[in-house]
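Encoded as structure tokens, the structure appears first; notes follow it.
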Amino acid sequence: MATTIEDKIALFTKVLIERIEQDYAEKREKLTRYYENRKSEIIRDYEQKIKNSVDNATRNATVKKQQMISKAKSDMHLAVLKQRRKFVERIIDEVKKEALSFAETEEYTKFLQEAIKKVNSKFSNDQFVIFSFSPNDIERHKDMILNTIKLSRSEDNFKIEEAKSISGGVFAKTSDDSLEVDFTIDTIIEESRKLAGEILSSRLGEGWQNVESR
């Protein structure tokens with residue numbers, strides 16, 4: 001079921017990106033116009049200086065012009081990168097909100113059960129394992145959690161704890177901290193940052209390349 005929630009995150013991310021593509025395009029175009037105008041102003045200014053300067057001054061003016069143009073391009077590049085980072089954060093925030101709703105569904109109950117089985121399989125039967133769940137999951141799914149763990153682990157070989165830092169899923173570790181397995185919703189979402197970045201690059205990459213090539 002790990003694939004199920006990751007697929008859900010990917011699908012939700014793609015839907016959200018479609019909603020912000022127009023916003024992104026408008027901001028990108030605005031940045032491009034600004035820096036293109038700035039570049040033109042710099043060129044006109046230094047072309048006039050070149051006409052009125054001796055050879056040595058002309059060379060210096062040309063170098064300065066290129067430096068100013070390079071700085072304008074760099075400023076535009078950084079501005080667009082900053083905007084892309086904002087979009088990724090916006091996606092992650094929306095996914096976190098969606099995850100809160102997902103935790104109240106029957107589908108989530110199935111996900112949690114499968115997550116427990118998967119995590120439990122990472123430990124040997126002779127290891128004492130501490131399982132951590134969100135307060136909400138312990139309140140709503142305590143019997144299911146207990147019964148699922150007991151399917152493959154004896155009652156005297158594990159402990160269940162409440163962790164307020166967890167919003168969903170399961171975190172488990174051995175009593176001596178020699179092995180930890182993190183299958184929490186929070187971690188899955190954080191790992192989806194890379195996925196969000198890849199989707200942004202694939203969906204907006206063409207426009208981004210156009211900006212970078214200017």
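A full extension of the chain between SER74 and GLU139 corresponds to an added length of 18.1 nm, given 0.36 nm per residue minus the alpha carbon distance.
The fraction of accessible area contributed by carbon and sulfur in segment 99-193 is 46 percent, rounded to a whole number (1.4 Å probe; ligands and nucleic acids excluded).
Solvent-accessible surface of segment 130-200, averaged per residue with a 1.4 angstrom probe and all protein chains in place: 52 square angstrom. Pairs of lysines in segment 81-127 whose Cα atoms sit within less than 28 Å of one another amount to 13, provided the residues are eight or more positions apart or on different chains. Using a cut-off of 16 Å between alpha-carbon atoms, which lysines can reach LYS65, once sequence neighbours fewer than 8 places away in the same chain are excluded? Within the straight-line cut-off, LYS65 pairs with LYS39, LYS49, LYS51, LYS73.
The values are calculated or read from the model by the stated rules, or taken from the named source; none is laboratory data. These figures come from a predicted structure and were not determined experimentally. For the accessible areas, the whole protein counts, side chains as well, though only heavy atoms, and no ligand, DNA or RNA atoms are used. Shrake-Rupley method; radii C 1.70, N 1.55, O 1.52, S 1.80 Å.
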